[in-house]
Amino acid sequence: MTSKISTLLDDIGYRLEEGSVPEEANLAIFLDELKEVMQNFFVEESNRDSTGKLRLSAVGREDRKLWYDFNGYEKEKLTTSQRIRFCLGHILEAFVLLLAREAGHTVEDCQKEVSVEKVKGHIDCVIDGELVDVKSASPYGFKKFVDGSIIRGDDPFGYIYQLSSYGAALGKEKGYFLSIDKSGGDLNLLEVPLTNVDPAERISYLKDTLPDTDPPDRCYSEVEEPSGNKKLSFNCKYCDYKVECWKDSNNGTGLRKYNYSRGPEYFTHIEKEPRVEEDFV
C-alpha cells in the first residue's frame, strides 16, 4: 500500500512505538547527510561568497538584505553558539527525514537542483510525490507553521517564496513545510498553496534592482520607546548587515548595543541612557 503524506506524522508516531532498530539503508542515508552537515559546519560562513549571485532559497528575503549580499558587503561573523545552533538545526532536519523513511514513506530527490529564470536552487526533497521543505525552528518560529501565520505574511525569511520557487520549477501548485520545534521536539506538517506569489516576476525585479548603486529602503522602521529612545525592530536586530545598514544612526556614530537580561537591544537614538551595560559594537 502506497503511503500518503497526510498520514506522515501519525506514521512516525506508530513507527517509534514499535521499538525496532532502523533499516541499514535508511541509517546509511542519514549518516551520509550528517557527514555533509559536519563538513559544512567547519567552513567559515565568510568563505561562501555570494557577490553577484542569487539563489532560489533567498529570493523572498528583504530587498535591502539581498542588495548587501549581492554587492559583496561583509556579513557579521556568527558567534560560536550561533554556528552550533544552525548546525544542530541541520542535524534535526536530516533526522526528520530518517523518521519519514522509517515510517514507510518514500523520500526522493533530496537536494535536487532546480532553476527558475536561470536562478538555481536545491529542493529539500519530495515525500510521497509531494514537494517538501524541512524546517527546524525555535518555539517562536514553529508557532508560525502550526497556526499558518507564515502563509498569511508573517514570513521574514521568505520561506513562502522559496517553496513557491521550487514549486514553479517542478510544476507543483502546492507544497508542504515539515517542521520540527528545536526545543520541544514537536513535528508539524503544513500544506501551502504555491500560486499566491509569482517567483519569476520577483526574480525579474531582483535582477533589475540588485545591481543598483544605492541600496533599497530599509526593511523595517525603528521602534520608539516611551523614553524617546529608538531601537531596532525584532527582525532587524538579527540581520547580518544591521551595523552597516544603520551606520548613520546616533548622529553618525552607528548602533549602540545594550545587554538586557532578555537579550541585546540595538539603539539608533538615545534620549535617556539605559540602566544596563553597554556592549560596544
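Per the Cauchy relation, a quarter of the hull surface: what is the mean projected area of the convex hull of the alpha carbons in the chain, in nm²? Write out the running numbers ahead of the final one.
Numbers: hull surface 67.5 nm².
Taking the Cα atoms of the chain, their convex hull projects to 16.9 nm² on average.
If R0 is 22 Å, what FRET efficiency do you get for ASN235 and ARG55 from their C-beta distance, rounded to 0.05?
Numbers: r = 20 Å, r/R0 = 0.92.
Efficiency, rounded to the nearest 0.05: 0.60.
On a C-alpha basis, how far is the centre of the stretch 168-239 from the centre of the stretch 48-71 in Å? Whole number, if you could?
About 12 Å separates the Cα centre of the stretch 168-239 from the one of the stretch 48-71.
Amide H neighbours of LYS174 under 5 Å, counting only residues 5+ apart in sequence or on other chains, H built in-plane at 1.01 Å?
Hits under the 5 Å cutoff: LEU194.
At a Förster distance of 45 Å, what's the computed FRET efficiency of ASP208 paired with TYR14, Cβ-Cβ distance as r, to 0.05?
On the way: r = 51 Å, r/R0 = 1.13.
Efficiency computed from Cβ-Cβ geometry: 0.35.
List residues of the stretch 251-273, by number, whose backbone nitrogen lies under 20 Å from a label position 7 Å along Cα→C-beta of VAL243.
Zone members listed by number: 251-260, 263-270.
If Lys and Arg each add +1 and Asp and Glu each add -1, what is the summed charge of the other residues whose beta carbon sits under 12 Å from the beta carbon of ARG64? List each step's numbers first, then the result.
Numbers: positive: ARG61, LYS65, ARG218, LYS242; negative: GLU62, ASP63, ASP69, ASP212, ASP214, ASP217, ASP240, GLU244.
My count for the surroundings of ARG64 gives -4.
Evaluate the stretch 223-279: find the radius of gyration of its Cα atoms, find its Kirkwood radius, and give the ratio Rg to Rh. If you can, show how the numbers build up before the last one.
Details: Rg = 10.5 Å, Rh = 11.4 Å.
So for the stretch 223-279, dividing Rg by the Kirkwood Rh gives 0.92.
Toward the positive end of the charge dipole of the chain, about the Cα centre and with charges on Cβ (Lys, Arg +1; Asp, Glu -1), which of LEU190, TYR241, VAL281 goes farthest?
Value: VAL281.
Counting Lys +1, Arg +1, Asp -1, Glu -1, what net charge surrounds ASP124 among other residues with beta carbon under 12 Å of its beta carbon?
Numbers: positive: LYS112, LYS135; negative: GLU33, GLU93, GLU108, ASP109, GLU130, ASP133.
Local charge sum for ASP124: -4.
Any read-out appearing in this document is the output of simple, stated calculations on the displayed coordinates, not a laboratory observation. This structure is a prediction, so every number in the text was calculated from the model and none was measured. Note that each Cβ is placed from the backbone with ideal geometry, even for glycine, and that neighbours are counted across all protein chains shown.
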